[in-house]
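What follows is a single structure, written as structure tokens, with notes after it.
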Amino acid sequence: MQYREFGKTGIKVSPIGFGMMRLPSDNEGNVNEAEAIRIVREAIDNGLNYVDTAFNYHGGNSEKITGKALLDGYRDKVYLATKAPVWMFKGPEDFDSILEKQLSRLQTDHIDMYLLHSLNAISFEKKVLRYGVLDKIKAARDAGKIKYIGFSFHDKLDVFKKICDSFDWDFCQIQLNYIDTKYQAGLEGLKYAADKGLAVSIMEPLRGGYLANVPDAVQKVFDGTGKSAVEWGLDYLWNRPEVSVVLSGMGSEEQIKQNIEFASRSHAGMFTSEDEKVIEKAQEIFASYDTIPCTGCSYCLPCPKGVGIPYNFVVYNNYQTNNNYEQEKDRYKNWVTMFGKQASECVSCRTCESICPQHIKISDELKKVAETFSK
């Protein structure tokens, strides 16, 4: 496996990182802890050396499971990343108390990559700057509790550049894939950060699975190339020298085996002109669909009224891409209700909208879903 430079830090990381947000779980969201630990260790045994979690993933269980997975010598084999939930801060003291809790959960005395989680214009001004968080995070680094300082981001490009310029960051984490090239930080943000010497970690490389199970029209573009839709999605990112590591929420042994294999033959500049044309064709097809840009992160859950928000969006997006109305209407009635209420039960309280990383106007979109399947 060809390891990649992590910005100006001088360290090298595996092309693929283990994202601990989508661990193997049952329909109620309960994580299969033993299986999660097993597959994380399997990935590490096969060369992966970057593990990314966060304070809030799986209701806090992700950090606990990560800590257990990295026992028995595995902690020394990886760079460990986790994130501070700045939206929860009510005062300067919260930074320290949450960091100490994270160190305890992770069963470690230091965190290699520590990120301020999901920064946007509001959280940066009202939480990070107001509470002196940048001074706090530098003090934590000086104390040896963290090694490298970064942030993850969900807002507009100009906000991204402002945050990049505000501090001597070591790295950042952005959403990027071949259909989100101009969304949030996008390709321009990737290059901007890399030019400043920041390592760039990529989240949502497959748009929450949307680019793994592509519409038939897109699959026809990939057929005969020798690569799966997943490999095309990952290779698009690995082709770019500015990308340091691509995070994948792997939930099965098969996904790990495939992603490690794909990563092992990846390198910057791997695309030919023909490869670029394949991606361009796929992009053109996706651009023609009227879909909702949901990644299935489930930050919007639980809904106060029990609406299964991301599941409603899945069936709507499927309908937009496969045009099979009866099939998706049946799934709206029978599959969505396995996870929550239908879109028609939304009361437009908009509680979910303030925490959606994609800034989706969820209430309006749910009305659209309900109207679509009420015919």
Just to be sure I understand the model, the point goes 7 Å from the Cα along the line to the Cβ. What's the resulting residue 281 to residue 122 distance in nm?
4.3
To check you understand DSSP bridge types, tell me what percent of the beta bridges within the chain (both residues inside) are antiparallel, rounded to 5.
10
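Which of the residue pairs 12/90; 68/196; 136/161; 281/367; 64/191; 156/277 have a Cα-Cα distance greater than 24 Å in the structure shown? Don't skip to the end; give the middle numbers.
Values: 12/90 36 Å; 68/196 36 Å; 136/161 22 Å; 281/367 32 Å; 64/191 34 Å; 156/277 28 Å.
Cα-Cα > 24 Å for 12/90; 68/196; 281/367; 64/191; 156/277; rest within.
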Taking the chain as a whole, which cysteines find no other cysteine Cβ under 4.7 angstrom from their Cβ?
164, 172, 294, 297, 303, 346, 349, 356
Looking only at region 196-224, which residues have a backbone nitrogen under 20 Å from a spot 7 Å from the Cα of residue 330 in the C-beta direction?
215-216
Taking only C-alpha pairs under 8 Å that are 6+ residues apart, what is the relative contact order of region 173-233 in percent?
33
For region 126-143 and region 196-255, write down the distance between their C-alpha centroids in whole Å.
34
Tell me the accessible surface of residue 232 in square angstrom (1.4 angstrom probe, heavy atoms of protein chains only), to the nearest ten.
0
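Per DSSP H run of at least 4 residues, take -39500 (n - 2.57); add these up for the chain, divide by its residues and hand me the 222 nm value, nearest 500 deg cm²/dmol.
Helices in the chain give a 222 nm mean residue ellipticity of -11500 deg cm²/dmol.
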Whole angstrom only: what separates the Cα centroid of region 283-321 from the Cα centroid of region 73-105?
30
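The values are calculated or read from the model by the stated rules, or taken from the named source; none is laboratory data. On a predicted model such as this, the values are computed, not experimentally measured, just so you know. Please note: Cβ atoms are built from the backbone with ideal geometry, for glycine as well, and neighbour counts cover all protein chains shown. SASA here: full protein model, heavy atoms, side chains in, ligands and nucleic acids out. Shrake-Rupley method; radii C 1.70, N 1.55, O 1.52, S 1.80 Å.
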